[in-house]
Amino acid sequence: MPTARFDAAVTGVGMVTCAGIGVPASWARIRDARGTAAGPVPALDGTPADFGCAVPGFDPAAAVGRRRAWRLDRCNQFAIAAAAEAVADAGLDPAAWDGARVGVVLGNGIGGAATWEKQHDTLRDEGPHKVSPLLIPMLSINMSAGYVAMEYRARGPNFVTATACASGTTAIGMARELLRAGHCDIVLTGGTEAPLVPSIVSGFHQMGALSKGRTATASRPFDADRDGFVPAEGAAVLVLEHPDHAAARGARVRGLVSGYGASADAHHATAPDPQGAGAELAVRAALSDAGITGADVTHVNAHGTSTPLNDVSEARLIRRVIGAHPAVTSTKGVVGHALGAAGAIEAVATVLTIEHGHVPPTANLESLDPEIDLDVVAKAGRDLPVEVAVSNSFGFGGQNAVLVFSRA
């Protein structure tokens, strides 16, 4: 049943990505499309796929404190670091807010994979009595939201969405629903992932999902020569506020989340519906939720994974439902594919695109696949006033989530 349009205010953003730690560093590299931040990953040595997009120079002690760093899996460290930047960017003082009105909704696809592997090795080599008592809180998928809530005394609704590579987008959509329903005044939302461990990356390799390239141009969304995605780690967090709450405190609003849609392909465990029929439901639902049509959309931040099947399926979907007119880009050409965090990273990039009036190029796109009949921004960014943008996320299991962002 249709409801009145609701614009959740984005008042703060934070990022930890392979392009840089913090929003300024990440955005600068995404904006300039200076190649994928990919390279050999020491933790993957000895595997057939030892290449990925790792966060450079991340210092857990500086991010979360030396005494706590060893108690937290890397994915939770990223979440806390990104949340800290977002809360500061929003100009909020957690010591002063009503924690019962502050929620946390984060997306995560895999949980504490590095912790799981390390403790499995301990079990095998040293026996069960040597397994860490911190194993469960370090690996459990819900703990990224739990730890962020502990950090900021956020006592409102708290949960993690796990919709594979759509997880971060699903989280933002559900955070907006908490605001619209009046359950919260503020929600810290986004996604985090630290999947660069041998078992996870080897699994993707065995299914043939990864690029065989070992260069900075391996992730090449929409390119005729693309052959798979490059795995990445990272996190992004947005502070969403009820518009009345943001207005009452005079907050700077960086953008608006104006629509959300979700659906399932009900088609295949890993392959997208070739025509994007399931994903179309999500796009149409998001547009309807925002009270707009495809003609109103200026920009699409595509899921654009650099896989042969996904890129063509998504391109057909965009052309059919939104049209050929929007400027389309995929940030995965720079930041790789951070799985459950990907949608959150792309959400922040979309907010910044609207705010700065600049659509980043799709890095490493040299020859557009002739099956992709879209205006894909490549080689150089494009200065463009963007009033409305769509951000797509699609995941294994056929799970689809789409957000509509608009200018404040």
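Just so you know, all these numbers are worked out from the coordinates, no wet-lab data involved. Remember, predicted model here, so these are calculated numbers, not experimental data. With ideal geometry, Cβ positions are generated from the backbone for all residues, glycine too; neighbour counts draw on all protein chains shown.
Observations, loosely collected:
- For the range 69-165, the square roots of the Cα gyration tensor eigenvalues, ordered a ≥ b ≥ c, give a/c of at least 1.5 with a/b greater than b/c, which places it in the prolate category.
- Computed E for Ser367/Gln275 - FRET, C-beta separation, R0 22 angstrom, nearest 0.05: 0.35
- With K and R counted +1 and D and E -1, the other residues having a Cβ less than 12 Å from that of Ala79 yield a net charge of -4.
- Sorted by Cβ neighbour density within 10 Å, fewest at the top, the residues Glu371, Glu193: Glu371, Glu193
- The calculated 222 nm mean residue ellipticity attributable to helices in the chain amounts to -10000 deg cm²/dmol, summing -39500 (n - 2.57) over DSSP H runs of n ≥ 4 and dividing by all residues.
- Charge tally for Val328 (other residues, Cβ to Cβ under 13 Å; Lys, Arg +1; Asp, Glu -1): -2.
- Just checking the listed ones, Gln275, Gln206, Gln77: in the Gaussian network model of the chain with Cα springs under 10 Å, the one fluctuating most is Gln206.
- Stretch gain in nm, segment Val131-His183, where the contour uses 0.36 nm per residue and the Cα spacing is subtracted: 14.8 nm
- Positive end of the dipole of the chain (Cβ unit charges, origin at the Cα centre): among Leu92, Ala347, Gly103, the Cα lying farthest that way belongs to Leu92.
- Bridging of Lys212 to lysines at a Cα separation below 28 Å is possible for Lys118, Lys332, Lys379, once same-chain residues fewer than 8 apart are set aside.
- Whether the chain is rounded, prolate or oblate, judged on the alpha carbon gyration tensor where a/c under 1.5 counts as rounded: oblate
- DSSP beta bridge pairing in the range 325-408, given as percent antiparallel to the nearest 5: 75
- Protection proxy ranking of 238-244, 207-213 - average other beta-carbon atoms within 10 Å, highest first: 238-244, 207-213
- Here the chain is assigned +1 on the Cβ of each Lys and Arg and -1 on the Cβ of each Asp and Glu. Its dipole about the Cα centre then comes out at about 680 debye.
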